Amino acid sequence: MPPGGRGMGGPMGGKFLTEEEKANQPKITPELLKRVFSYLKPYTKQLVLVILCIIVSSFFTILPSIITGKIVDEGLLKKDLNALLLYIGLSLLVTLIASLIGVAEHYINTWIAQHITYDMRNQMYSHLQQMSQRFFTTNNQGDIITRMTSDIDGVKTIITSTFSSILSNSITLIIALVAMFQKNWILALVGIVIVPLFTIPTRKAGKKRWSLTNESQQVNDEVNGILNETLSVSGQLLVKLFGKEKYEYDRYEKANKRMIGLNIKESMAGRWFIVVLTTFTSVGPMLIYLAGGIIMMKYDPNLSIGDITVLVALLGRIYMPVNSLLNIQVDWIRSMALFTRIFNYFDIPVEIKNADNAITPETVVGDVVFEHVEFSYEKPKTILKDITFTLNAGKSIAIVGPSGSGKSTIVNLIPRLYDVDSGSVTFDGVDVRNLDLKFLRNQVGVVSQETYLFNGTIRDNLLYAKPDATEEEMVEALKKANIYDFICRQEKGIDTEVGNRGLKLSGGEKQRISIARIILKDPTIFIFDEATSALDSISEKKIQDAIDPIIKSKTSILIAHRLSTILAADEILVVKDGMIAERGSHKELLAREGVYRELYETQFSKALLEEDGVTELEQYIWGSQPADEPIDE
Ligand code: ADP
C-alpha cells in the first residue's frame with residue numbers, strides 16, 4: 001500500500017500502522033537509507049531547487065500572519081489608509097507569490113518523482129527479465145506485477161508527498177515558532193501549551209476511525225475477490241455451468257451490505273468529536289487574547305494589539321504542521337517498508353546467467369549429450385536421476401513416459417531454463433552453462449502444449465521469431481506448418497488479430513502458428529513438447545503432418561503420447577520416475593514387455609485407433625490387430 005493511501009489523516013488527523021505493518025516493520029539501517037538516497041542522487045540539482053522552493057514558500061506562507069500585525073497597528077489603529085492599503089496589498093502579493101512558488105515546487109517534485117520511478121521501473125523490468133523460470137513458477141504473477149506497478153508508484157507518493165511534507169511542515173513550524181517567540185515569549189508559551197491538548201485526543205479518535213477503515217478494507221477485498229472470481233471468463237463459465245447465479249448473487253449482496261454499513265459508520269466516526277474539537281481549537285486564541293490583554297493592561301503597555309493578533313494568526317498556522325509531523329513516523333515506516341520490499345526483489349540473485357567467459361561457437365552441428373544428469377526443482381525432491389543419452393545432429397529422439405515422470409524437465413535443461421544439479425548437458429561438446437545464453441537459446445526452438453501467442457496479428461507473432469522475415473519466408477513457414485489455407489480464408493489474411501493470448505483462435509490453429517513461428521526461427525534443435533495433446537484428431541493430424549518432415553530432417557526431440565509421432569523418431573527413451581527405464585526402437589521396446597509395452601497398451605494403441613489409416617499403421621507395427629481397446633468416438 002502506498003503511503004498516504006489507506007489511513008490518511010483527514011479531519012481526524014491520525015495515521016496508524018496495521019498489525020501486519022507493525023509486525024513487518026523494516027529495519028532502517030544506514031545502508032537502506034543510503035540505497036534510497038542513491039536514487040535521488042542523479043537529480044541532486046532539482047532536489048536543491050525543490051528545497052529552496054519549499055523554504056521560500058513556507059516563509060511566504062507565514063508572512064501574511066506577521067503582516068496582519070502591521071495592518072492592525074499601522075493601518076487600523078493609526079487610521080492610516082495608505083499604510084492599510086499597502087499592507088493589505090503586500091499580504092495578498094506574498095500569498096500569491098507563495099502559491100506560485102508552490103506550483104513550481106510541485107512541478108519539480110513531480111518531475112523528480114516521475115524520473116525516479118521511471119529509472120526504478122526500467123531497472124526492475126530488466127532485472128525481472130533475467131529471472132529464471134523457477135522464479136516465475138514459484139512467485140505469484142500478481143505479486144510480480146504489484147512490485148512493478150503499485151509498489152513503485154508508492155515511491156512516487158513518497159517523494160511528492162512524504163519527503164516534501166516532512167520538509168515543508170518542519171520549516172513552517174520552525175518559522176512560525178521563531179516568529180511567535182520573537183513577538184512575545186509568554187504569549188507564545190500560552191498558545192503552545194494547548195497544542196498537545198488538542199492533538200492527543202485527535203489521534204485517539206483517529207485510531208477508532210482507522211480500525212473501521214481497516215475493517216471496511218477487508219470487506220472491500222472480499223467484494224473484489226468475489227468480483228474477480230465470478231466475473232472472469234472462466235469463472236462465469238463455471239457459475240453458469242453449475243447454475244450458481246443465485247448463490248453468487250447472495251454472496252455478493254451480503255458482502256455489499258456489510259460494506260455500506262461499515263462505510264456509513266466510518267464516515268460518521270468521530271463527527272461529534274470534531275464538534276467538540278472545533279470549539280476546543282478556539283480556546284488557544286482566546287487564551288492568547290486573555291493573557292495578551294492582561295499583560296497589555298497591567299504589565300506591559302508596549303505590547304501592541306497587532307502583536308497579539310500576529311500571535312493568534314501564527315498559532316493557527318502551527319496546528320497543521322504539528323499534526324502532520326506527528327503522523328510522519330507512520331509515513332516514514334511505510335515508505336521504508338516499501339523500499340525494502342522493492343529492494344528485496346532487486347536482491348534476488350540472477351540464477352541463470354552468462355558465464356564470465358561464455359563461448360559463442362562459430363560453427364554449429366547440433367549434438368546434444370546428457371551425462372548423468374541429476375536435477376531437482378526444490379531440494380530434496382530429486383526429479384531427474386542419472387539421465388544419460390546422446391542426440392546426434394540430424395537425428396530425433398522421442399521421450400515417452402507416464403505424466404509427471406520428468407519428460408518436460410529433461411528438455412527444459414537444454415535451453416537452460418534450469419541448470420542441472422550435477423552431471424552435464426552439452427551442446428556440440430560444450431557444457432551449456434559455458435555457452436553464451438543468447439546463442440544457446442537461438443539454437444533451440446520449443447513448441448509446447450501451452451502455446452503462447454502475443455496479442456497482435458499473426459504477422460506480429462511470426463516476426464517475433466524473425467524480425468526481418470520476408471513475406472515469402474512467412475508464407476513458406478505457414479505452408480509448412482499446415483496453416484496457410486486457414487490464413488487465406490481469413491478476411492485479413494496474415495494480418496488477422498489473434499486476440500489476447502491468441503484466444504480468437506482454436507488450440508490447433510494456435511499450435512500451427514507457433515510451429516510456423518519456430519520454422520521461421522529455424523533453430524538447430526526442435527523440441528516438441530506434447531505439441532499434439534489436448535487437441536482433436538483432425539487438428540492433430542494437421543500438426544502431425546507439419547511436424548513429421550521436421551522430425552525426419554532436423555535434430556529434434558519429441559515428447560509424445562501418440563504412437564505415430566513416436567514412430568517417426570530414430571530412438572525412443574522411456575522415462576519413469578525421473579530415470580530412463582528403457583531405450584530403443586519401437587519394436588525392441590515392445591518385445592521387452594516393460595514400461596513401454598504397458599504405455600502402449602494403455603495409451604498409444606487407443607490413440608492409434610483414433611487416427612486415420614489405422615489398419616495400415618497397425619499392420620506396419622504389428623502385422624496384426626493391436627491390443628483390445630474400445631474405440632472412442
Ligand atoms: P512430464 O513432462 O513427464 O509430465 P514434468 O517434467 O513436467 O513431467 O514434471 C516432473 C515432476 O516435476 C512432476 O512431479 C512435477 O510435479 C514436477 N515439476 C514440474 N515443474 C515444476 C516446477 N516448476 N516446480 C516444481 N516442481 C515441478
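Please treat every number below as a calculation from the coordinates, not as lab data. Please read all numbers here as calculations on a predicted model, not as lab measurements. A quick note on method: Cβ atoms are made from the backbone with ideal geometry, for glycine too, and the neighbour counts reach across all protein chains shown.
Cα-based values for the stretch 453-597, radius of gyration first and Dmax second, are 17.0, 53 Å. A full extension of the chain between ASP577 and PHE136 corresponds to an added length of 156.3 nm, given 0.36 nm per residue minus the alpha carbon distance. Placing +1 on the Cβ of every Lys and Arg and -1 on the Cβ of every Asp and Glu, with no other charges, gives the chain a dipole of roughly 4020 debye about its Cα centre.
Return the FRET efficiency for the residue pair ILE186, THR281: r is the Cβ-Cβ distance, R0 is 30 Å, and the value is rounded to the nearest 0.05. E between ILE186 and THR281, to the nearest 0.05, is 0.90. When both the stretch 426-479 and the stretch 339-373 are represented by their alpha-carbon centers, they are found 19 Å apart. For a test of the definition: using alpha carbon positions, the gyration tensor, and the 1.5 limit on a/c, classify the stretch 449-522 as rounded, prolate or oblate. It is rounded, given that a/c, with a ≥ b ≥ c, falls under 1.5. Principal axis extents of the Cα atoms in the stretch 185-302, from largest to smallest and rounded to whole angstrom, are 88, 21, 17.
Peptide packing for 560-572, 318-330 was compared via the average number of neighbouring C-beta atoms within 10 Å per residue; ordered from the highest value, the list is 560-572, 318-330.
Amide H contacts under 5 Å for THR555: GLY394, PHE526, restricted to partners 5 or more places along the chain or on a different chain, H placed in the peptide plane at 1.01 Å from N. The charge dipole of the stretch 60-207, taken about its Cα centre with unit charges on the Cβ of Lys, Arg, Asp and Glu (plus for the first two, minus for the last two), comes to roughly 380 debye. On the beta carbon distance between GLU598 and SER376, with R0 = 25 Å, the FRET formula returns roughly 0.45. Ranking ALA188, SER58, VAL425 by how far each Cα lies toward the positive end of the dipole of the chain (charges on Cβ) leaves ALA188 at the top. DSSP beta bridges confined to the chain are antiparallel in about 50 percent of cases. Computed from Cα positions, the angle between helix 537-553 and the longest principal axis of the chain comes to roughly 80 degrees. Quick one: angle between helix 471-480 and the longest Cα principal axis of the chain, in degrees between 0 and 90, rounded to 10, please. That works out to roughly 60 degrees. Partner lysines whose Cα lies under 21 Å from the Cα of LYS479, excluding those fewer than 8 positions away in the same chain, are identified as LYS466, LYS492, LYS504, LYS510, LYS521, LYS541, LYS542, LYS552, LYS554. Here the stretch 183-269 is assigned +1 on the Cβ of each Lys and Arg and -1 on the Cβ of each Asp and Glu. Its dipole about the Cα centre then comes out at about 500 debye. Candidates THR309, LEU440, SER232 compared by Cα position along the dipole of the chain: farthest toward the positive end lies THR309, with charges placed on Cβ. Using the charge dipole of the stretch 449-522 (Lys, Arg: +1 at Cβ; Asp, Glu: -1 at Cβ; taken about the Cα centre), state which of GLY508, ASN482, ILE519 has its Cα farthest towards the positive end. My answer, from the dipole projection, is GLY508. Structural descriptor for the chain: relative contact order 14 percent, calculated from alpha carbon pairs under 8 angstrom and at least 6 residues apart. Normalised by the empirical 2.2 N^0.38 Å for globular proteins, what value does the Cα Rg of the stretch 54-164 take? That ratio works out to 1.88. Direction-averaged projected area, Cα convex hull, the chain: 40.7 nm², rounded to one decimal.
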